[in-house]
Structures are given as C-alpha cells and as structure tokens.
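Take a look at the structure set out below.
The values are calculated or read from the model by the stated rules, or taken from the named source; none is laboratory data. Bear in mind that the values here come from a model prediction, so they are computed numbers and not experimental data. Virtual Cβ from ideal backbone geometry, glycine too; neighbours counted across all protein chains shown. Heavy atoms of the whole protein, side chains included, go into the accessibility calculation; ligands, DNA and RNA do not. Shrake-Rupley method; radii C 1.70, N 1.55, O 1.52, S 1.80 Å.
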Amino acid sequence: MFVDLQQKWAAGIAAQLAADGLALIEGIRTRAQLVTLGASLGHIVPHRDSGPDGVTTLMHRGGFAGRAGFEGFGKGALPPHTDRSGMPEPPALLLVACGRKGSSGGGCVAIDGYAVYVEMMLTNPEATQALSQPRTVLFGGAAGHLGSIFEHTPDGRIRVRYRRDELARFSPELARWLPALSDAIERHTTTFVLEPGQGYVLHNHRWLHGRSAFTGERVMYRLSVNPFPGFAIPSGFTAPSILGVTS
C-alpha cells in the first residue's frame with residue numbers, strides 16, 4: 001500500500017525499506033518535495049544527468065536516447081537493471097516520482113533480487129555459484145567496474161548489480177547462465193502504474209527496476225540517495241540457508 005508522506009514521512013519509508021527494500025509513496029506534488037524526502041532519508045548523490053538539486057528529469061529527448069546508457073530518455077521499454085552499476089559503490093536508494101503520465105504504457109517494472117536469488121539457489125545452484133563469482137562482469141564500459149551479478153559482502157550479505165545492455169560484458173563462463181537468470185527475473189517481475197504525485201523508493205542493491213514502452217509526454221523524476229546510518233537500512237539481503245530462508 002502507499003505511504004502517506006504527511007503521516008509517515010522518512011521514518012515510515014525507512015522501515016519499509018529495511019523490511020522489504022521497496023516502499024510506494026504518494027504526495028510528491030513538486031520536484032522540491034522529492035528533494036526534501038531524499039534529504040530526510042540520507043545524503044543525495046548527484047547523477048551525470050541531474051540538475052543542481054540532484055534530480056534527473058526523465059522524459060523523451062528524441063535521438064539523445066539512442067546513445068548507450070541514455071535509454072531512459074526515450075519512449076521504449078527499459079529492461080530491468082540496477083542503477084549506476086559501473087560505479088564501485090552504486091548509490092543505495094533510488095527515489096522515483098511521477099510528474100506526468102504518458103498517454104499509454106509506461107508501467108514501472110520492479111523485480112526483487114532476493115526472490116530471484118532464492119529461486120536460482122534452489123533450482124540451479126551451479127548457475128547461482130557462477131553468477132556470484134568475482135570479476136566475471138564488466139559493468140559500465142572499459143572504465144567501469146569489474147564485479148559480479150550477485151556480490152557477497154564480508155558481513156555475509158548479498159548485493160545485486162545488473163544490466164544487460166551494451167555497457168555490460170560477461171565472461172564466457174558466466175554467459176551460459178544468463179538465459180536461466182533472465183527467465184527467473186521475468187517470473188518475479190511486477191508492473192504497476194504511477195499517477196502524478198505517486199512514486200517509489202527502492203534499495204538499489206536489492207531491487208531491479210525498469211519500465212514498459214509508452215506514448216505521450218511521460219515525465220518522471222529520479223533521485224539517488226545513500227541513507228543515514230541511523231535508519232539501519234541494510235544493503236542487499238542475507239544469504240538464504242538450507243534450513244531457513246531469511247531476507
């Protein structure tokens with residue numbers, strides 16, 4: 001369900017993020033309100049395409065969207081991915097708010113990486129192991145980050161890093177398992193439509209996101225944030241065990 005920002009604000013959203021990694025929000029009437037929410041949750045992380053306030057306006061910009069890494073400025077479908085995968089430490093939280101709906105399409109796509117990992121671990125452990133091997137994917141081009149899709153951290157958690165466009169290069173040993181991963185992602189895909197003023201906050205180290213193709217003049221606002229430690233929003237998820245699965 002949606003969280004009313006006037007009642008819950010940052011603390012309520014942080015609690016949902018700590019539990020599930022995703023919170024739906026409403027009451028974002030202006031770009032400034034999105035910035036206020038972001039600053040209440042943590043430190044705003046500027047983006048290559050953002051304005052001085054850290055917000056990126058995602059809308060159709062013609063041929064500009066044909067460049068690698070700029071597909072968000074087109075009207076086509078945006079495949080599932082995590083943001084800023086080419087950085088050594090991608091921002092933890094992604095805030096998205098709807099400024100204007102398109103005429104048709106434009107549904108938001110979200111996939112829980114935890115659910116994908118659990119399915120892969122239970123049905124295809126060999127693939128899961130391969131997808132967890134360090135230095136098997138080059139994200140973001142030649143100057144990007146060499147890592148893995150499922151990254152195991154020293155504190156026992158798992159973080160997801162994913163993209164499947166031309167800015168990702170996979171080792172031959174890993175590439176053979178990508179169809180199985182794609183199938184699992186599709187099975188766990190959720191699509192929802194945002195009205196103006198509605199949005200979502202997701203943990204970028206756990207959830208993949210994307211969108212369906214659209215027509216019309218759709219406008220979305222995007223903001224990246226690293227949360228304040230006091231909110232205790234964990235990165236990624238804990239590794240499931242054979243005896244009990246926990247997130």
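Quick look at the numbers
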{"read-out": "Whole-number percent relative contact order across the chain, with pairs defined as alpha carbons under 8 Å at least 6 apart", "value": "35 percent"}
{"read-out": "For the range 164-233, size of Cβ-based charge dipole, Lys and Arg +1, Asp and Glu -1, in debye", "value": "120 debye"}
{"read-out": "Dipole of the chain, positive direction: furthest Cα of L167, H188, L178, with charges on the beta-carbon", "value": "L167"}
{"read-out": "Where only alpha carbons of the range 167-243 are counted, the Rg and the Dmax (Å)", "value": "16.8, 50"}
{"read-out": "Integer Hz, Karplus 6.51/-1.76/1.60 couplings in order for the range 44-50, x for Gly and Pro", "value": "6, 10, x, 10, 3, 9, 7"}
{"read-out": "Cα→Cβ-extended label distance, 7 Å offset, between R176 and A142, nm", "value": "3.0 nm"}
{"read-out": "Label-point separation, V219 to R164 (7 Å along Cα→Cβ), nm", "value": "3.3 nm"}
{"read-out": "Size of charge dipole - the chain - debye, nearest 20, with Cβ of Lys, Arg +1 and Asp, Glu -1, no other charges", "value": "540 debye"}
{"read-out": "Of A143, V118, L41, farthest towards positive along the dipole that unit charges on Lys, Arg, Asp, Glu beta carbons give the range 33-161", "value": "A143"}
{"read-out": "The chain, accessible surface, carbon-and-sulfur percent (1.4 angstrom probe)", "value": "57 percent"}
{"read-out": "Folded to 0 to 90 degrees: helix 31-41 orientation relative to the chain principal axis, Cα", "value": "50 degrees"}
{"read-out": "Per residue Cα convex hull volume in Å³ - calculated over the chain", "value": "125 Å³"}
{"read-out": "Packing-based order for 32-39, 163-170, 188-195, using average beta carbon neighbours within 10 Å, highest first", "value": "32-39, 163-170, 188-195"}
{"read-out": "The range 115-238: radius of gyration and largest Cα-Cα distance (Dmax), Å", "value": "16.1, 46"}
{"read-out": "Accessible area (Å², per residue) of the range 101-247, counting only protein heavy atoms and a probe of 1.4 Å", "value": "45 Å²"}
{"read-out": "Helix 178-187 vs. the chain, principal-axis angle (Cα, 0 to 90°, nearest 10)", "value": "50 degrees"}
{"read-out": "Signed unit charges on C-beta, dipole axis of the chain, positive-most listed residue L131, N204, S104", "value": "S104"}
{"read-out": "Among S85, S50, S148, residue whose mean-square fluctuation peaks in a GNM of the chain (springs only between Cα atoms under 10 Å)", "value": "S50"}
{"read-out": "Rg/Rg_ref, the range 182-226, where Rg_ref = 2.2 N^0.38 Å and atoms are Cα", "value": "1.35"}
{"read-out": "Rounded if a/c under 1.5, otherwise prolate or oblate - the range 99-162, Cα gyration tensor axes", "value": "oblate"}
{"read-out": "Phi-based couplings in Hz for the range 146-160 (Karplus 6.51, -1.76, 1.60; Gly and Pro marked x)", "value": "9, x, 9, 6, 9, 9, 8, 8, x, 8, x, 9, 10, 10, 9"}
